[in-house]
Amino acid sequence: MKKRLLALLMAACLILSASSAALAAPTRDIQRTEITLDLNLTTLVELALGAAVLQDVPVLQEEEDPSRALVEGVLTLGLFNLSLPYGGEDLLEGRAALSKAAIAEYYAMVFTRGEYQHGEAALSPCISWRADGLDFELSPLMENPSVGAHIYAAAFDGETVHLSCDLFTYYDEYGQRAENLPEDALTWLCNAQVTLKYAPEMPFGYTISGYALSDTYLNGMTYDWQFIENTEFEYSVLIPSILGLAEDAPACMVWQTADGEATLTIQALETTAGDYDAVLQNFRKDAAGLQLTEARDFSYFFAVGEGLYELHLVPQDVNWHYVLTLQFPPERQAEFTLYAEFICNSLTAWGAANG
């Protein structure tokens, strides 16, 4: 363990020294959360979903028992990153041994239903099978990045919790929050929808009932995005590097992915300077079925629909306003609305940032 901690500290120092000039990582805004997002809850979610990534188990249906591969991933990762309690001194050498009883105890801490099926062989290369338990060699996990979860929405009915989160990877000590990492130290990995059972008697306060991971994000390294300037209509913006310029008219710039499935358009439209209310009222006429959000203090509003994000920025001092439209495959809704937030926060009308 001392060797592992020393190696992690050295890696962390290298990362911090290399990225000390980097900006803090952007994150999706917190939406509605009906529970307290405390350390225990976050640790449980990151343990289960980190194991899902490690073992390539993208879905756990609520009515299904967790697979052996997922359970072994949870045990391995939980011992490695110390999110599961373990008192054996062998952990100092990067090894651990669990009896069947200990496995059952850990299982009940994490999962809502089922039990570990002790087969005649382990499904993880870090685990050796024995008749009365499992042996773990944890050193191979030193090569893997940590997986974090940025939870941005949580609904609770008194018994069941439904969470939405963006997963990210990073090479640093386990348990880092995305907003505390430099932008170039993490990669946004995928979206996750998670269901938990309220279990106040258990160490984490909840147990995992199910989850679903999205496809891997196409452009999760935001530090590698493109910086765009439009000198004629006086704005700048950061956009994903997967988007290539398709139309170069200054009043209507268009970018597309190589397959044409996602399109970003930024228009500059004539309007009376600072006429926010008129622009908003006119937009409402065609906004049926869209979820509209106002940020009047920052002179913008945006609407979200299936496969669509549309932003209107209405600066106070110019005779045009900006319309940013992002269209994308509906099955990548969570991914592209994340991108849209980052794009929105970067869009600057020179002399009047939107915040």
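The values are calculated or read from the model by the stated rules, or taken from the named source; none is laboratory data. All values derive from a computational prediction rather than experimental measurement. Ideal geometry is used to build each Cβ from the backbone, glycine not excepted, and the neighbour counts take in all protein chains shown. Protein only, heavy atoms only, side chains kept; ligands, DNA and RNA dropped before computing areas. Shrake-Rupley method; radii C 1.70, N 1.55, O 1.52, S 1.80 Å.
The portion of the accessible surface of the chain made up by carbon and sulfur, rounded to a whole percent, is 51 (1.4 Å probe; DNA, RNA and ligands excluded). First check a/c for the range 58-157, with a ≥ b ≥ c the square roots of the eigenvalues of its C-alpha gyration tensor; if it is under 1.5, answer rounded, and if not, answer prolate when a/b is larger than b/c or oblate otherwise. Judged from the Cα gyration tensor, the range 58-157 comes out oblate (a/c at least 1.5, b/c at or above a/b). Once you have a ≥ b ≥ c as the square roots of the Cα gyration tensor eigenvalues for the chain, tell me rounded if a/c is under 1.5, and otherwise prolate or oblate according to whether a/b is larger than b/c. Taking the square roots of the gyration eigenvalues as a ≥ b ≥ c, the chain is prolate. For the chain, the longest principal axis of the Cα atoms and the long axis of helix 333-346 meet at an angle of about 60 degrees. How would you classify the range 201-355 from its alpha-carbon gyration tensor, with a ≥ b ≥ c the square roots of the eigenvalues: rounded for a/c under 1.5, else prolate if a/b is greater than b/c, otherwise oblate? Here the range 201-355 falls in the prolate category. Remark: the chain carries 47 Å² of accessible area per residue (probe radius 1.4 Å; ligands, DNA and RNA excluded). In this simple spin-label approximation, residue 259 and residue 173 carry label points 7 Å from Cα along the Cα→Cβ vector, and these lie 4.1 nm apart. Every Cα-Cα pair of the range 82-233 was included, and the share exceeding 18 Å stands at 71 percent.
To the nearest ten degrees, helix 39-55 and the longest principal axis of the Cα atoms of the chain are 80 degrees apart.
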